[in-house]
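One structure below.
The values are calculated or read from the model by the stated rules, or taken from the named source; none is laboratory data. Remember, it's a predicted structure, so these values are computed and weren't measured experimentally. Cβ: placed from backbone, ideal geometry, glycine included. Neighbour counts: every protein chain shown.
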Amino acid sequence: MIKMENIHKSFGSNHVLRGLNLDVPKGTSMVIIGGSGTGKSIAIKCVLGLVTQDEGTIYVDGKDAADTTDRDAFLARFGMLFQGAALFDSLPVWQNVAFRLLRGSLKRPKEEARDIAIEKLRRVGLKPDVADRLPAELSGGMQKRVGLARAIAAEPEIIFFDEPTTGLDPIMSGVINDLIREIVVEMGATAMTITHDMTSVRAIADNIAMLHDGVIQWTGPVADMDSSGNPYLEQFVHGRAEGPIESVR
Amino acid sequence: MKPIALLGRTVLGLLAAIGRIALYGIDAISHVVRPPFYGREFASALLNIGWLSLPVVGLTAVFTGGALALQIYAGGSRFNAEAVVPQIVAVGMVRELGPVLVGLMIAARVTSSIAAEIATMKVTEQIDALVTLSTHPMKYLTVPRVLAATLVVPLLVGVGDIIGIFGGYAVATGTLGFNPAAYIRNTVNFLEPLDVISSLTKGAVFGFAAALMGCFHGMNSGRGAMGVGRATKTAVEGAAILILAANFVLTGVFFSL
């Protein structure tokens with residue numbers, strides 16, 4: 001469903017992606033792992049057009065994403081949970097969740113949008129009384145859940161999760177991981193998750209891809225992760241300081 | 001050679017910045033006439049920029065008008081011209097001090113708030129979130145604020161002019177012994193339609209500049225708290241300079257009419 005071919009991206013002299021190739025089949029959950037600053041988020045942002053790659057092509061359903069004429073329709077196929085949730089401070093929770101349903105091509109009547117938002121909040125384990133609160137009044141874990149509810153509100157075909165458990169305690173991380181897995185299976189969506197939390201990897205992934213030095217060093221089913229024989233992946237999975245990945249970056 | 005190279009880099013950097021701001025302004029104007037339109041955001045911007053700025057504009061104008069009356073009286077008394085206080089307060093407030101002071105207060109209050117808000121949205125990925133939710137940040141964030149400021153700042157300037165003149169009137173009739181009816185008559189008779197037109201035109205241009213600088217620097221903010229702080233500071237500085245430069249140009253234009 002998503003195919004990234006020879007993606008290059010540099011910021012000045014910092015060559016973040018150096019020929020990334022990745023294939024994410026429809027209905028599967030791909031988790032990209034790798035150290036901080038290795039370009040995992042940039043890869044996802046390239047797919048969404050938030051960052052334009054210097055070289056390479058990204059195909060979504062076999063079509064070059066760069067050739068998209070109806071950008072609104074293209075983006076309507078995606079949902080994204082941002083690392084810090086990225087909720088809009090000035091809007092109450094329900095309007096954050098129903099943002100896409102209150103404007104643009106997916107616009108619905110206000111009451112209907114609110115009902116959908118409350119239903120999605122319930123789906124991520126939040127009570128209806130949260131709906132009228134402002135994001136600043138919520139804890140980090142609740143904000144992540146609201147972000148998750150927003151990502152799934154318009155029932156997208158493809159969902160991106162950027163560091164879904166960063167900054168959360170282990171219990172809340174487990175809750176978010178379970179929710180992501182349930183939602184992806186339930187909706188039949190294609191998912192791409194970025195994380196360096198190995199617990200999340202095992203909970204969420206069908207397939208994993210190890211990104212280092214701007215290229216995918218190893219990709220395969222999560223079941224093969226512990227017997228990959230790939231030195232980069234093994235060092236990362238076991239959290240060793242010694243190995244091909246420099247600990248001082 | 002180093003100082004010359006530094007000077008060259010600074011000038012080129014400044015010209016590049018002016019070019020980027022100009023292109024951003026043109027882009028903003030082009031989006032004003034293209035749907036979708038975000039009425040709620042526009043109404044919210046009208047309220048924030050217009051209504052909520054009234055107290056600070058009113059206080060600035062009333063004190064300035066009062067001080068102006070005292071200065072003109074003191075200066076005029078040196079050559080027996082104390083009687084011109086109503087006329088000079090009126091023309092000084094309407095043609096110059098009203099628009100400029102309101103513009104600068106808007107730069108302080110509105111430009112800073114817009115820049116800080118949008119820069120924070122940028123560093124917390126809210127701008128990226130807007131894009132993924134099929135919402136153009138230029139249409140959703142910039143156009144409502146720039147349009148609201150362009151429309152509402154002239155009204156603020158008009159209110160500031162009236163309050164400033166009232167400040168002069170209060171001081172002149174309360175402490176300088178002017179006759180209230182004569183003061184009002186002299187003010188009204190002396191002002192010309194072009195004075196008011198120039199005042200309101202300046203207000204529209206200053207409002208546009210103030211909101212544009214806030215949006216531009218917010219959108220181009222660097223990372224972290226330092227990035228937000230720098231964007232806010234640069235936006236206010238840029239807006240203030242742009243307002244004063246535009247005031248000089250507009251004054252020249254209206255002076256020649």
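Of all the listed residues (A:P170, A:P156), the sole one being within 11 Å of chain B (Cβ to nearest Cβ) and within 30 Å of A:T38 (Cβ to Cβ) is A:P156.
Could you tell me whether B:T173 is among the polar types (S, T, N, Q), away from chain A (no Cβ under 14 Å), free of Cβ contacts under 8 Å to residues at least 60 places away in the same chain and in contact with a Phe, Trp or Tyr (Cβ under 7 Å, 6 or more places away or on another chain)? Spelling it out, B:T173 is indeed among the polar types (S, T, N, Q), away from chain A (no Cβ under 14 Å), free of Cβ contacts under 8 Å to residues at least 60 places away in the same chain and in contact with a Phe, Trp or Tyr (Cβ under 7 Å, 6 or more places away or on another chain).
Taking region A:1-103 and the helices (runs of 4 or more DSSP H) fully enclosed by it, the elements with 1 or more residues that are among the basic types (K, R), at the interface with another protein chain (Cβ under 10 Å from one of its Cβ atoms) and crowded, with 17+ Cβ neighbours inside 10 Å are at A:40-48. In region B:34-66, which residue that is free of Cβ contacts under 8 Å to residues at least 60 places away in the same chain and more than 25 Å from B:T135 (Cα to Cα) is farthest from the other protein chains (Cβ to nearest Cβ)? Among those residues, the one meeting the criterion is B:L59. Test B:M226 against the criterion of being touching a Gly at 6+ places or on another chain (Cβ under 8 Å) and in a helix (DSSP H, G or I), and give yes or no. When the stated conditions are applied, B:M226 does not pass them. The set of residues in region B:119-130 that are within 7 Å of chain A (Cβ to nearest Cβ) and surrounded by fewer than 20 Cβ atoms within 10 Å (Cβ to Cβ) contains only B:T124. What about B:R109, is it of a type in the set (D, E, K, R), modelled with pLDDT of 95 or more and surrounded by fewer than 22 Cβ atoms within 10 Å (Cβ to Cβ)? Yes; evaluated as a whole, the condition is true for this residue. Taking the stated definitions as given, is B:L104 in contact with a Gly (Cβ under 8 Å, 6 or more places away or on another chain) and part of a helix (DSSP H, G or I)? No, not satisfied. Annotation: A:G220 fulfils all but one of (1) in a strand (DSSP E or B); (2) buried (at least 20 other Cβ atoms within 10 Å of the Cβ); (3) out of contact with any Gly (no Cβ under 7 Å at 6 or more places or on another chain); the unmet one is (2).
Name every residue in region A:69-114 that is under 16 Å from B:M121 (Cα atoms) and acidic (D, E), in order of residue number. Of everything in region A:69-114, just one residue is under 16 Å from B:M121 (Cα atoms) and acidic (D, E), namely A:D89.
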